[in-house]
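The values are calculated or read from the model by the stated rules, or taken from the named source; none is laboratory data. What you are looking at is a predicted structure, and each value in this text was computed from that prediction instead of being measured. Ideal geometry is used to build each Cβ from the backbone, glycine not excepted, and the neighbour counts take in all protein chains shown.
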Amino acid sequence: MRMGFIVLCALFALFAAATAAADVTGTWRGTISTEMARDTTGGDIPAYLVLEQSGGKVTGSAGGSEKMLFKILEGKLEGDRLTIEASPKEGTVLRFTLTVKGDVLEGDVAENGSNIGTAKLKKER
């Protein structure tokens, strides 16, 4: 009976660790790959995020660098799925739908509802 209780406690601890939400608070730097960037510059667009997480709500700034940041309009984290919306200019909304994989954010970027490419960012230490 005691051994069964210990096994049950261990399984519960493993389950709790596996289902804990990721923590995205911090500074993230990477790139956005788009067809337009490949056609015009032959490369990627820089991406930079400064995120603050409180429960499932994510706030902060998004942009191309520390000097070019825009306020996040809406941000949420559900499990390992991070969704962020920011507006770099009037009439334009960028939506990042990213998966948190440890210190890496990876996923799709849409502009005004149309997919424009993919993003990959790493957390800075």
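Filter region 80-106 down to residues that are crowded, with 17+ Cβ neighbours inside 10 Å and in contact (Cβ under 8 Å) with a residue 24 or more places away in the chain, then give me how many there are.
We begin by selecting, within region 80-106, every residue crowded, with 17+ Cβ neighbours inside 10 Å; these are 82, 84, 86, 94-96, 98, 100, 105.
Still in the list and also in contact (Cβ under 8 Å) with a residue 24 or more places away in the chain: 82, 84, 86, 94, 96, 100, 105.
The qualifying residues number 7.
Please pick out the residue among GLY60, GLY56 that is modelled with pLDDT of 95 or more, of a type outside the set (Lys, Arg) and under 19 Å from LYS122 (Cβ atoms). Give the steps one after another, and end with the answer.
Values: GLY56 fails: under 19 Å from LYS122 (Cβ atoms).
Result of the check over GLY60, GLY56: GLY60.
Determine which single condition ASN112 fails, assuming it passes every other condition in (1) within 15 Å of the chain's Cα centre (by Cα); (2) at positive phi.
Checking ASN112 against (1) within 15 Å of the chain's Cα centre (by Cα); (2) at positive phi, the one that fails is (1).
Scan region 43-71 and report the pairs whose first residue is in contact (Cβ under 8 Å) with a residue 24 or more places away in the chain and surrounded by fewer than 17 Cβ atoms within 10 Å (Cβ to Cβ) and whose second residue is among the acidic types (Asp, Glu) and assigned to a strand (DSSP E or B), with Cβ atoms within less than 9 Å and a gap of 6+ or a chain change.
Short answer, once both residue conditions are applied: GLY56/GLU78.
Name the one entry in THR34, THR19 that is surrounded by 18 or more Cβ atoms within 10 Å (Cβ to Cβ), at pLDDT below 95 and on the phi < 0 side of the Ramachandran plot. Explain how you work it out, then say what you get.
Details: THR19 fails: surrounded by 18 or more Cβ atoms within 10 Å (Cβ to Cβ).
Going through THR34, THR19 in turn, the sole match is THR34.
Select from region 98-125 the residues that are of a type in the set (Lys, Arg), assigned to a strand (DSSP E or B) and over 23 Å from LYS71 (Cβ atoms) and list them in ascending order. I'd like the intermediate steps shown before the answer.
So the first thing to find is which residues in region 98-125 are of a type in the set (Lys, Arg), and the list is 101, 120, 122-123, 125.
Those left that are additionally assigned to a strand (DSSP E or B): 101, 120, 122-123.
Of everything in region 98-125, just one residue is of a type in the set (Lys, Arg), assigned to a strand (DSSP E or B) and over 23 Å from LYS71 (Cβ atoms), namely LYS101.
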